[in-house]
Amino acid sequence: MSNKNKIDPATLSILLSSLHNVHDSIRAYDTKAQIVSLGFIFSLGFITTVGAMAPGNPQFSISLVVFSWLPGVVPVMMFAYVLYPSRSMAPKLGAGNGNLQRSYYLLDERYSNLDEYVEAVDRSNWKIELVYEIQKNSLLRDLKRKRFVRALSFAGVSFAFIFLTQALRSLEVLPR
């Protein structure tokens, strides 16, 4: 490694710590989405049971089916959407510095054999490589956060809709 590609230990430690933190945050959003979606599914079971105890049988029509499935299925799909984004879904970054080898995160299509990868590692400026990874993963983390908050908001709206529907049915405002 040439002198210009050396990175001082303090900077390296800070960059690696930052990258580790970003990866932990991404995994945390995945875990939160899984837990909240399971909680939502279990809550729907309880809500359905309470709804079934309401007097009378509702008439089945296409609108009833649609309005009963949308609040139950869409939030689950939105939580699954939090899990979906991967590195390839993160917003694109320009190469910026011409020395970016993208050697930190190995992609088969970029380096098809070991020799090419070893050469890229030797050419790498690790400060640039790590900063690129931090920025790329930070954008992915922010994408997951936005999707998680959106799914959580829609789940709240779904609960409110289901409550209102059941309350109106129990007051016999809505047809049974």
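Can you list the lysines whose alpha carbon sits under 26 Å from that of residue 144, skipping same-chain ones fewer than 8 residues off?
Leaving aside lysines fewer than 8 places away in the same chain, those within reach of residue 144 are 32, 92, 127, 136.
Pop the C-beta distance of residue 170 and residue 17 into the FRET formula with R0 = 35 Å and round what comes out to the nearest 0.05.
Step by step, r from the Cβ atoms, then E = 0.05.
Give the aspartates and glutamates whose C-alpha is closer than 15 Å to that of residue 146, dropping any in the same chain fewer than 8 places away, or say none.
30
Any read-out appearing in this document is the output of simple, stated calculations on the displayed coordinates, not a laboratory observation. Owing to the predicted nature of the structure, the values given are computational and were not obtained by experimental measurement. A quick note on method: Cβ atoms are made from the backbone with ideal geometry, for glycine too, and the neighbour counts reach across all protein chains shown.
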